[in-house]
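Here is the structure we will look at.
The values are calculated or read from the model by the stated rules, or taken from the named source; none is laboratory data. Quick caveat: nothing in here was measured; it's all calculated off a predicted structure. A quick note on method: Cβ atoms are made from the backbone with ideal geometry, for glycine too, and the neighbour counts reach across all protein chains shown.
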Amino acid sequence: ISSVELTTALIERIEQYDGEIGAFITVDKDLALDQAKKADQDIADNKTAPLTGVPIALKDLLCTRGMKTTCASKILDNFVPQYDGTVVSKLKENGAVIIGKTNLDEFAMGSSTENSACKITRNPWNTSCVPGGSSGGSAAAVAARFCCAALGTDTGGSIRQPASHCGVVGLKPTYGRVSRFGLVSYASSLDQIGPITKDVRDAAILLNVISGNDTMDSTSAKVDVPDFTTALDQFEKGALKGMTAGIPKEYLSVEGIDPDVEKVFNDAKKSLQDLGVEIKEISLPHTDYVVAAYYIIAPCEASSNLARFDGVKYGFRDKSCDDLIDMYKKTKSKGFGPEVQRRIIIGTYALSAGYYDAYYGRASKVRTLIMEDFSKAFETCDFILSPVAPAPAFKIGEKIDDPLTMYLTDIFTLSANMAGIPGISVPAGYSSKGLPIGIQMMAKRFDEMSLLRAGYGFE
Ligand code: GLN
């Protein structure tokens, strides 16, 4: 099949079904077909790269030259970047066809993709349920076979949790593994870009392409990038002898874990044992403080990052204003949705004079303790095994009026961001209602290889 045929077929599929799913904000058929034609020519000329002709979707938080980048916010609803983010350039250099930009919670703040100013995305497995979030559009697009793979971003679980809810693979790389240049910042010390794919090997292929140091992002790490795909191919599928998995005892006593999630988790543990993995109990003593510390740090960084959307340089501006201050007020009140405003207010409050030490300072200290918990745990295991979310995908509208309950569902995914370590979500089973449920594996910094190996062996 040629890339033009494949791209055309996927776009037809999107036209037919995305009205119901709502995975995409933008699909540029002409642009995609131009790239597909070029890919076919490259194939004819024998000039192929790992992604030549492969249609890939991008979370609409990644800057794409000449293509609208909205962050699912009214404040950027007409923003067309003049440059590609580093990951986008790398995809293009490797032959990918950018098929479209996917829906998300506004500025990646949320866990259900309901906080989008554009539309709601529905879970392809059950359209009355959320796809998870914030990369819900990317996960739904992969699950609905609208694209071959997608990129998402993960600040506190936004790749892994929607992947779990949609029955696909989601990988959050180590902080610094992938350049964030051209990613609209939410919480800069936590954000990472990563693949959402149909299987683990595809995640390895994409990770190979997007990883590496970048002079445009000073937080991108100067570390070698292993050839993940080649390394993975050397492992025999299903043979995980010699690997040790740790299960945090604190995770098992988290309140409100759904029995279906518990069952899938226990079955996964058993399968891993059958594949030769040694299972150990470990301890992450500061688990109780993870949600509280994250929901200080992330909004603080967000309030600072989002100050740039003031109606002056780009994006939406409210023109009914009397003076500059009035313009700022009206632009931000109308341009940002309720969840984004909530986070800006929390973050600004917590960072204000006299409160910094009590909130951000303390949360940062807790973060150090969380990192130390993980360093200690990895002395005795290759990866940590856990659920991804306490329950399968919930009904649209069920939690949207209760932000705190929504925040609490992030309990298992936030730590990887706080500690800067990689995490993967791999499909593991189904709930009694037929919704997919994933399991999470986390490894040491820059040890994505262990996650890929374990995930590949397990899937
Ligand atoms: N649900 C978390 C939040 O709202 C994480 C989101 C993300 O990873 N972008 O902050």
For ALA393, the lone unmet condition from (1) over 19 Å from the mean Cα position of the chain (by Cα); (2) modelled with pLDDT of 95 or more is (1)
Among (1) under 26 Å from SER375 (Cβ atoms); (2) among the hydroxyl-bearing types (Ser, Thr, Tyr); (3) more than 12 Å from the ligand (Cβ to nearest atom), there is one condition SER431 misses while meeting the rest; what is its number?
(1)
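May I ask you to say which residue of LYS90, LYS59 is basic (Lys, Arg) and surrounded by fewer than 24 Cβ atoms within 10 Å (Cβ to Cβ)? Write out each step before concluding.
On the way: LYS59 fails: surrounded by fewer than 24 Cβ atoms within 10 Å (Cβ to Cβ).
Result: LYS90 is the single residue among LYS90, LYS59 that is basic (Lys, Arg) and surrounded by fewer than 24 Cβ atoms within 10 Å (Cβ to Cβ).
Inspect region 306-323 for any residue being of a type outside the set (Asp, Glu) and more than 18 Å from LYS74 (Cα to Cα) and give the result as yes or no. Break it down into steps so the answer makes sense when it comes.
Quick first cut of region 306-323, residues of a type outside the set (Asp, Glu) only: 306-309, 311-317, 319-321.
Restricting the remaining residues to those that are more than 18 Å from LYS74 (Cα to Cα) gives none.
Within region 306-323, not a single residue is of a type outside the set (Asp, Glu) and more than 18 Å from LYS74 (Cα to Cα).
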Exclusive hit being in contact (Cβ under 8 Å) with a residue 24 or more places away in the chain, within 21 Å of ARG201 (Cα to Cα) and surrounded by fewer than 20 Cβ atoms within 10 Å (Cβ to Cβ), set SER283, SER271
SER271
Subset of region 368-421, residues in contact (Cβ under 8 Å) with a residue 60 or more places away in the chain, farther than 19 Å from ASP260 by Cα and either among the β-branched types (Val, Ile, Thr) or assigned by TED's automatic domain parsing to the domain that holds GLY337 (or both), comes to ILE370, THR380, ILE384, ILE396, ILE400, ILE421
Restricting to region 391-402, give me the number of residues that are surrounded by fewer than 17 Cβ atoms within 10 Å (Cβ to Cβ) and either more than 14 Å from the ligand (Cβ to nearest atom) or within 14 Å of THR113 (Cα to Cα) (or both).
4
Has region 83-101 got any residue that is closer than 18 Å to GLY315 by Cβ, at pLDDT 95 or above, of a type in the set (Phe, Trp, Tyr) and outside any helix (DSSP H, G or I)?
yes
State which residue is farthest from SER303 (Cα to Cα) when the search covers only region 106-121 and only residues that are within 10 Å of the ligand (Cβ to nearest atom) and assigned to a loop (DSSP other than H, G, I, E, B).
SER112
Going through region 1-32 in order, the residues found to be farther than 23 Å from ALA72 by Cα and either in a loop (DSSP other than H, G, I, E, B) or over 25 Å from the mean Cα position of the chain (by Cα) (or both) are ILE1, SER2, SER3, VAL4, GLU5, LEU6, THR8, ALA9, GLU12
Among the candidates LEU351, LEU324, which residue alone is free of Cβ contacts under 8 Å to residues at least 40 places away in the same chain and aliphatic (A, V, I, L, M)?
LEU324
Sort out for me the helices (runs of 4 or more DSSP H) sitting completely within region 130-232 that have 3 or more residues that are within 13 Å of the ligand (Cβ to nearest atom).
136-143, 160-166
Of the conditions (1) surrounded by fewer than 22 Cβ atoms within 10 Å (Cβ to Cβ); (2) of a type outside the set (D, E, K, R); (3) within 16 Å of the ligand (Cβ to nearest atom), THR380 fails just one. Which one is it?
(3)
